[in-house]
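The values are calculated or read from the model by the stated rules, or taken from the named source; none is laboratory data. Just so it is clear, the model here is predicted, and its values are computed rather than measured. Methodologically, a virtual Cβ is constructed for each residue, glycine included, from the backbone with ideal geometry; neighbour enumeration extends over all protein chains shown. Note: accessible area is taken over every heavy atom of the protein model, side chains too, but ligands, DNA and RNA are not part of it. Shrake-Rupley method; radii C 1.70, N 1.55, O 1.52, S 1.80 Å.
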Amino acid sequence: TPSGGRFYPNPVAWGLCYKREMSPYQNYYCDDSNEIYRRVEGVEYYGRGALPVYRNYNYGIIGKGIKQDLLSHPELLEQNATLAFEAAIWRWMTPVKWRQPSAHDAFVGNWKPTKNDILSKRYPGFGTTMNIMRGDCICGRGFTDEMNITISHYINYLGLMGVNHEHSGSSLDCADQVVFNPSSKSFGS
């Protein structure tokens, strides 16, 4: 998971350093209203993996997609690097809901926004990618520090790859976007 600059004053000095959330017990990432992927008693659904997975329903659907029981055993994403990256690639390439783009398609410009998407201020690019991946924990809340740090990480990685940030597109933020998948609680995606 991204360090978010917890160890150095420069928030982009560290990148992807951890295979689990740093303070998992400070957050409650469970949606008891989800009828399909019900919480398993005693299991905690904090962020794990190369692209962090949060919440019982995300562990359920991603587990189904990669044919692993992540709902009962989310710790597999900490213990098995192959599964962690398989889950990350599945999540990146697969739309969460029908008629919604995958993060990949929004990021590379394969997705064409509908009239409703345009009214919701969702355009192809990094901003909509954050919307898909993080939802209302980072998007639709104005210019928050968390969103700005995520954008800074993105621009920093572009620079490390020799890509000028001016080529990053015009849709970098999701500050005013209507989220695709609102959570019942706004502290995890």
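The table below lists the values:
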item	result
Over 26 Å (Cα to Cα) - which of 64/121; 64/97; 19/64 fall in this group	64/121
Against the rule of thumb 2.2 N^0.38 Å, how large the Cα Rg of the stretch 20-94 comes out	0.99
Sum of side-chain charges, residue 114 neighbourhood, beta-carbon under 15 Å (Lys, Arg +1; Asp, Glu -1)	+4
Cut-off 17 Å (backbone N to label point 7 Å along Cα→Cβ of residue 36), residues of the stretch 72-110	72, 90-103
For residue 85, solvent-accessible area (1.4 Å; no DNA, RNA or ligand), Å²	120 Å²
Accessible area per residue, Å², the stretch 20-94 with all protein chains present, probe 1.4 Å	53 Å²
